[in-house]
Amino acid sequence: MSSKEPSAKEPVEPEFEALIRYIQESRGLDFRGYKRTSLQRRIRRRMEEVGCEDFATYHGLLEADPQEFIHLLNTVLINVTSFFRDAEAWEVLKKDVVPRILARRADRGPIRIWSAGCASGEEPYSLAMLFAEAMGKDGFCARVKIYATDLDEVALNTARHAMYAPRDVESVPTGLLEKYFERTNNHYVFQRELRKCVIFGRHNIVNDAPISRIDLLVCRNLLIYLESETQNIVLPRLHYALVNDGVLFLGKAETQLARSKMFEPVDLKSRIFRKVPQEWRRSLGGSLTMAPEPNNHRPSFQTRLMEGIVDSSTTAYLSVNSEGQLVFANAMARRLLDVGEVDIGRPFQDLSISYRPTELRSRIEEVQKTGRMVRIDHQEFTRPPGETMRLTIEISLLYGRDGKPFATLLSFTDTGRNFLLQQELEAAQESLETTIEELQSSNEELETTNEELQSTNEELETTNEELQSTNEELETMNEELRSANEELEVANEELRRQGEESGEFRRYSESVLRSMDVGIIVLDQDLCVRSWNRWGENMWGLRAEEAQGESFLGLDIGLPVQRLRADLERILEKETPQQPVTLNAVDQRGRGVTCRVRLSPLLYEVRETRGVVLIIEDITEQSRTEAFAGYLGRVIGESLNEVYFLDAASFRFLLVNRGAETKLGYTLDQLKQMAVFDLMPEVSAERFQRLVAPLLSGDKMEVVFETVMEGSHRGRYPVEVCLQHFGEEQPPILVAIVHDTTERQQLGMAGDQEAPAGE
């Protein structure tokens, strides 16, 4: 089948098409027949989950992380299913369809069912329960085969185990649940005898050959995801898979798909259809023939007799006309070579049989040129699902009454048994000749050996008596060993459990060490490294496997480890933690860093020091921040400008700088008892409250005003006050920066006095 090209109406996205090709090449999943809009929507949904903005980026993610394929397929292959989904349709299937199939089959031959797109198995197991109820468990196991196929291997594995959670079986009637499921550890497992009759396999309904001779084909809500052109390819395959009067069960959403002359409705509301046989495409025996010409009448008795003979033959026949098209295939060719009715009229070179099991196109041309028959013996041919056979192929011309060739006939005969017999005969002849030679030499050796055995036999009789007594002793020892073995098994199981717990604890401890954003180094009593976490690898560029076992004081890293020698030795001697040590170091990129090192003894249960634990923190930024804060505090504290820190609710002084204490003439303890407006003779408490109200509400970032301050020594003096509110601090504060404007006023007065002189 040729791959479907994007429609001319659809915009071609090269990155999307490249992604689809990569998925097909990597996982063998062909999505080319699926609706592009639905496919893009599901892939984009997965891209949003992993944070990929375009198809090219997601393509790169798939190449880097093969596990992402599992999540993608779970998103794209919508495994929405349940037991007896759409109960009304299943009721119609139970009352009308199942009895009809059983009546048609009676007690003659098997019943074959195909569940296409079975997902996690709820649908085929629902079919199994339906038929088991109608036929009885023994009758079902003897006659029914259910083929369940899907593209998703993960879903198929779930289906094979047939283990479902309580919420998965809520739609199963109580009687069927108790009859066909076993309850184990809060799960329900489908009955083993019935499960053996359900065969799960990976199958692409668009590209793979359909399963044939099917009585009931269930394909629910699968075709709606395919393009219309792909649907036109799949529907004939479903038609071909069904026996005459076979039943097709579609999903509730598929309203337009079965409007075809190939099917007629049984129950349109439930989407149940019956196959309409198309005998013009297949003879009574099953051979595939070309449609008759419009002016031809019904086939004559002679023609039907020839078709019957050809269809009864155990040899597969194909016929290719002079244009290279396949024009005939008998029933055996359909079964043996997987040639379907859709292949009649197609170029022979497009069929897989043209090059498998051997290249036939050049042989056909050779026969057409020379007129001589070509025979190819014992070609190896593999049929799904892996059956290997040997085919002998004969290619010859077919001549008409005018003596001219009009077609080429290809016959395929199964000669596997002859091939094996021939190989076995040749091997047997070689083996026989070798055996005769070996027997002649062995006969001479046996005569000599016989004499030796006679003397040895006497010795063995004596030894046998000794062995009998020894055997009794061994039996006694065996009993003792058996009891000892049972004790060892119990001890081994306990050790295994302890080993698992120890491994889990080790992985937990390692994950904790890796996750901490500080360096953790564990030293033994000889000051050799026992543990080195990821922080140390990133900081010093030394991997854990390189550091472990090495002397810590001999490590060549950017940390001056020798300065820690005395503290390490004191810990080993006194078994008490030491004060943190601050060291200047250099990281692996040559950047200067400041590290705080805390040292503690490594204590076991007996409180005996087994080593030292070092915890190293990078406090470079913290040191810089603290240094800057100290510097800023000193500058503000020594500034001559007055800086007040006020409570935002009561406007009382919380903190002032030295310039404020000097100019106001009060100590900080005295000021903490006052509100700021107590030192502003011209400003009342209510007026100050109104002044700062826009600042406290956030309407203004700062408030600037001029007033008069009154100090304890110097009296009143004019000032300019700039207020800012810091509401995010705890507690919120008002900061006032006060400028003494006395000199500014004096300069202003001096300018006024000089002005008349200028005039």
Take peptides 420-431, 724-735, 404-415 and line them up by average Cβ neighbours within 10 Å, highest first, as a rough protection proxy.
404-415, 724-735, 420-431
All Cα pairs of the chain, percent lying beyond 35 Å:
74 percent
0 to 90° range, to nearest 10: angle between helix 742-758 axis and the chain longest Cα axis:
70 degrees
Can you flag which of 663/700; 94/137; 137/252; 196/252 are past 21 Å Cα-Cα?
663/700; 137/252; 196/252
Starting from the Cα of residue 321, step 7 Å along the direction of its Cβ; do the same at residue 641; then give the gap between the two resulting points in nm.
10.2 nm
Residue 137-residue 209 pseudo-label distance in nm [points 7 Å out on the Cα-to-Cβ vector]:
3.7 nm
What number, rounded to the nearest 500 deg cm²/dmol, is the helix-based mean residue ellipticity at 222 nm of the chain, given -39500 (n - 2.57) per DSSP H run of at least four residues and division by all its residues?
-14000 deg cm²/dmol
Cα shape, region 100-247, gyration tensor, a/c 1.5 rule:
oblate
Two-site FRET efficiency, residue 467 against residue 182, from Cβ-Cβ distance with R₀ of 51 Å, rounded to 0.05
0.50
Carbon and sulfur %, accessible surface of the chain computed with the full protein complex present, 1.4 Å
49 percent
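Could you tell me which of rounded, prolate or oblate describes region 326-369, using a ≥ b ≥ c as the square roots of the eigenvalues of the alpha-carbon gyration tensor, with rounded for a/c under 1.5 and, failing that, prolate when a/b is larger than b/c and oblate otherwise?
It is prolate, given that a/c is not under 1.5 and a/b is the larger ratio.
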Between helix 361-370 and the chain, what is the angle of the helix's C-alpha long axis to the longest principal axis, kept within 0 to 90° and rounded to the nearest 10?
30 degrees
I need the phi-derived Karplus couplings for region 492-498: 6.51 cos²θ - 1.76 cosθ + 1.60, θ = phi - 60°, integer Hz, Gly and Pro marked x.
5, 5, 5, 5, 4, 5, 5
Does a label point 7 Å from the Cα of residue 562, set along Cα-to-beta-carbon, have any residues of region 496-526 with amide nitrogen under 19 Å, and which are they?
none
Quick check on packing: order 67-73, 461-467 by the mean number of other C-beta atoms within 10 Å, highest mean leading.
67-73, 461-467
Applying the gyration tensor rule to the Cα atoms of region 311-419 (axes a ≥ b ≥ c; rounded if a/c under 1.5, else prolate if a/b exceeds b/c, else oblate), the class is prolate
Quick calc, residue 603 & residue 516: beta-carbon distance into FRET formula, R0 25 Å, rounding 0.05, result 0.80
One would report the Cα pair-distance distribution of region 446-562, bin width 10 Å, in %, as 11, 20, 14, 11, 10, 10, 11, 10, 3
Can you compute the FRET efficiency between residue 373 and residue 401 using 1/(1 + (r/R0)^6), with r the Cβ-Cβ distance and R0 = 22 Å? Round to the nearest 0.05.
0.60
Relative contact order computed over the chain (Cα-Cα under 8 Å; 6+ residues apart), in percent:
5 percent
Separation between the residue 701 and residue 44 pseudo-spin-labels, each 7 Å from Cα along Cα→Cβ, expressed in nm?
4.2 nm
Probe 1.4 Å, protein heavy atoms only - accessible area per residue of the chain in square angstrom
59 Å²
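The values are calculated or read from the model by the stated rules, or taken from the named source; none is laboratory data. Quantities reported herein were computed from a predicted structural model and do not represent experimental measurements. Glycine also receives a Cβ, built like all others from the backbone with ideal geometry; neighbour counts cover every protein chain displayed. Each accessible area value is taken on the protein alone, full model and side chains, heavy atoms only, with ligands, DNA and RNA left out. Shrake-Rupley method; radii C 1.70, N 1.55, O 1.52, S 1.80 Å.
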